[in-house]
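Undergrad: My questions all concern the structure below.
The values are calculated or read from the model by the stated rules, or taken from the named source; none is laboratory data. Since we're looking at a predicted model, the values are computed, not measured. Glycine gets a Cβ as well: all are built from the backbone with ideal geometry, and neighbour counts include every protein chain shown. When the accessible area is computed, the model is the full protein with side chains, heavy atoms only, and any ligands, DNA or RNA have been set aside. Shrake-Rupley method; radii C 1.70, N 1.55, O 1.52, S 1.80 Å.
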Amino acid sequence: MQRFDRYVLSQLMVLFGFFALVLVAVYWVNRAVLLFDRLIADGHSAGIFLEFTALSLPQVVALVLPMAAFAAAVYVTNRLSNESELTVVQASGLSPWRLARPVAVFGVLVMLMTAVLTHALIPAAREQLRLREAEISGSVSARLLREGTFLHPTRGVTLYMREISPEGELSDVLLTDRRDAGREITYTAERAYVVRDDAGPKLLMVAGMAQTLNTETRRLSTTNFTDLTYDVSGLVEQQTSGRRRIEYVSTWELLTQPERAAELGGKTVGEVMEEAHTRFQQPILALVAALVGFAALNSGTFSRFGVGRRIVGAIMLLVIIKLVESAVTDPVRTNARLWPLVYLPSVVGFGMVAMLLARASSPFGGARRRAARADRAAGASA
């Protein structure tokens, strides 16, 4: 039986890896497309895009691991049943509770992997992502420096440069500022440079002309200049770090200092406690999903029509668990003392597993399995 447990566990891990890879790829592609449009449209490089997608990957992985565990448990259980391997071990006297042991070990392994993600990798990745977003939001080179293109960094401003040299020199620069209602200013320069000081980035234009048009009198005045400094810090949308969101805070800090975390993040204490305990609840759901998949398929009798109905039933059980999860969210966020309700979906899931395995282990369930084996044997001899 130890060899059988290892065999089932190996099958579960192989299928789990396959389903996890497929689901992660699907979710990652969907997020990557949105991220690609946003970053590349702002002029950022492919390296920034790859960095951001890598930082968002832990959250995607944690999301799909319970689904991959459920799919692996359903697929392996169905295959063991179709190939009569479960029939053989059940005929030797093993109960469904005993057969669920390798699935439980598999669920615990997935639970530990998910716990590492929810408690360590996801908060760290989110914090790093926040810092990088704040950093690149003020990137002048990405938002303003694109040669041969008319840019509109903000409403009423148009910027154009013919060429950017490897040394950072801008050639043939055109800058139009129409933000003031009564006038329109157009700057042209042979060369320009982007410089920084304590007040922010500046555009230093050399050998150019400023044309000011009074929109009310339609009067145009021109001024030639040797060099002119134009403040471009207002053209780049600066993203400040703002409040420290509770998703970035460590689990230990959320549990030991909930009032402080709530104050820093602008949340209620209930929301802080819900976030902290959800990080424990989500890994447990991976174990529940694996056991529900096995128990749902192992609780019925043999049918020539396959196990489609049982698979649909297992999916419906997961839907019920998610509905319970949604139902307890608002009460916990409203009242922090109700944080034990966060674990109610797992309790409901374990209750479902116990009922299904108890049904399969009952004497009536044993009679059904014996009748199913006889039916299968008769069908094979025919």
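Undergrad: With the radius of gyration and the Kirkwood radius both derived from the Cα set of segment 148-231, what is their ratio Rg to Rh? If you can, show how the numbers build up before the last one.
TA: Numbers: Rg = 13.2 Å, Rh = 13.4 Å.
My calculation puts Rg/Rh at 0.98.
Undergrad: Go through THR154, THR77 and list them by solvent-accessible area, largest first, probe radius 1.4 Å. Write out the running numbers ahead of the final one.
TA: On the way: THR154 50, THR77 10 Å².
So, going from the largest accessible area down, we get THR154, THR77.
Undergrad: Follow-up. Order ASP177, ASP330 by their accessible area, 1.4 angstrom probe, all chains in place, largest first.
TA: Final ranking, largest accessible area leading: ASP330, ASP177.
Undergrad: Rounded to a whole number, what is D in µm²/s for segment 253-298 from Stokes-Einstein with the Kirkwood radius over alpha-carbon pairs (25 °C, 0.890 mPa s)? It would help to have the intermediate numbers written out before the result.
TA: Numbers: Rh = 12.1 Å.
D = 202 µm²/s.
Undergrad: Mind listing the long-range amide H neighbours of LYS202? Cut-off is under 5 Å, sequence gap 5 or more, other chains count too, H placed in the peptide plane at 1.01 Å from N.
TA: VAL195, ARG196, ASP197, VAL232
Undergrad: Using the heavy atoms of the protein chains and a 1.4 angstrom probe, tell me the accessible area per residue for segment 72-121 in square angstrom.
TA: Here the residues of segment 72-121 average 43 Å² of exposed surface.
Undergrad: If packing is taken as the average number of other Cβ atoms within 10 Å across a peptide's residues, how do 50-60, 163-173 rank, most packed first? The partial results should precede the final answer.
TA: On the way: 50-60: 17.9, 163-173: 13.7.
Going by the mean number of other Cβ atoms within 10 Å, highest first, we get 50-60, 163-173.
Undergrad: What number, in percent, do you get for the relative contact order of segment 151-230 if the mean sequence gap of Cα pairs under 8 Å and at least 6 apart is divided by its residue count? Before the final figure, lay out each step's value.
TA: On the way: 178 pairs, mean separation 16.8, N = 80.
After rounding, I find 21 percent.
Undergrad: In whole Hz and in residue order, list the ³J(HN,Hα) couplings for segment 210-220 that follow from phi through the Karplus curve 6.51 cos²θ - 1.76 cosθ + 1.60, θ = phi - 60°; x for Gly and Pro.
TA: Each residue of segment 210-220 in turn: 10, 10, 10, 10, 7, 5, 7, 8, 6, 9, 10 Hz.
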